[in-house]
1. Looking at region 110-123, can you tell me whether even one residue there is at positive phi and at pLDDT below 95?
2. Pairs under 8 Å by beta carbon, first residue surrounded by 13 or more Cβ atoms within 10 Å (Cβ to Cβ) in region 117-128, partner of a type in the set (Phe, Trp, Tyr) and assigned to a helix (DSSP H, G or I), six or more apart or different chains?
3. Please work out if ASP124 is within 11 Å of VAL85 (Cβ to Cβ) and not assigned by TED's automatic domain parsing to the domain that holds ARG170.
Amino acid sequence: MFRRKKSKKKRILFIGFLLLVLGFTYGYFKEDIEVFHKPNFIKSSTETEESSKASELDLDTENQDRQSQQSAKDDSSLFTSKHFVSEQTKLILKTYYTQTRDTAVKEEKLPLDLIGRSIDELEDYLRNNYTEWDIRECSQNRVELYRALDGASPGHFIVRERNGYIVVYRLDEYGNEVFYKQTDVSVEFLSDIDRKKLKEGIIVKGTSGVEQILQDYSS
């Protein structure tokens, strides 16, 4: 009888141990199955890098589009603001005079019918109407023309001898001699060198220069 009780007790322990093992095994596999079926929200390092590169590529593309739009806008602005003549376009005329070795600068306004014309049309106008001038600059803001004349610049006078007396001529903006003053200073008692200079014409600047040379020859 004692053996039966002992055998029965062992059987109960064995069944309990078996149930415990079966319960543990079931729980383990059940957890794995649930984990397997759950959505995987954790990206791998490769997927993260690819996503980052794609974002950078999209950003670069967006920046390039913006730059292209800005460039097109700038080109349009350049075409409308810098390729046409405006009322602010300055016409600068520079004349170099070989005798006095100085440059006279004059500023003029362009004709109104040139406002709104292209730079190419402006250049054609300058070539047709300023044939003796060289075009040094032609832009929306400034037009500069240059020429050299074999003469003296405005503001200068020429002192000459005429009919035995000293005569003074004023030079206009084109280098032409315009009668200015007849003096009573005779060249009769001047040296041959002075009479030769007066025959060729002595260029002086300003009225003060004229008065000084007349004083020298009359003393």
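1. The first filter runs over region 110-123 and keeps only residues at positive phi, leaving 116.
Then drop every residue that is not at pLDDT below 95, which leaves 116.
Among the residues of region 110-123, at least one is at positive phi and at pLDDT below 95, which makes the answer yes.
2. Hits for this filter: ARG117/TYR125.
3. Details: within 11 Å of VAL85 (Cβ to Cβ): no; not assigned by TED's automatic domain parsing to the domain that holds ARG170: yes.
So ASP124 does not fit the description; no.
The values are calculated or read from the model by the stated rules, or taken from the named source; none is laboratory data. Keep in mind that this is a model prediction, so the values were computed, not measured. We place every Cβ from the backbone using ideal geometry, glycine too, and count neighbours over all the protein chains shown.
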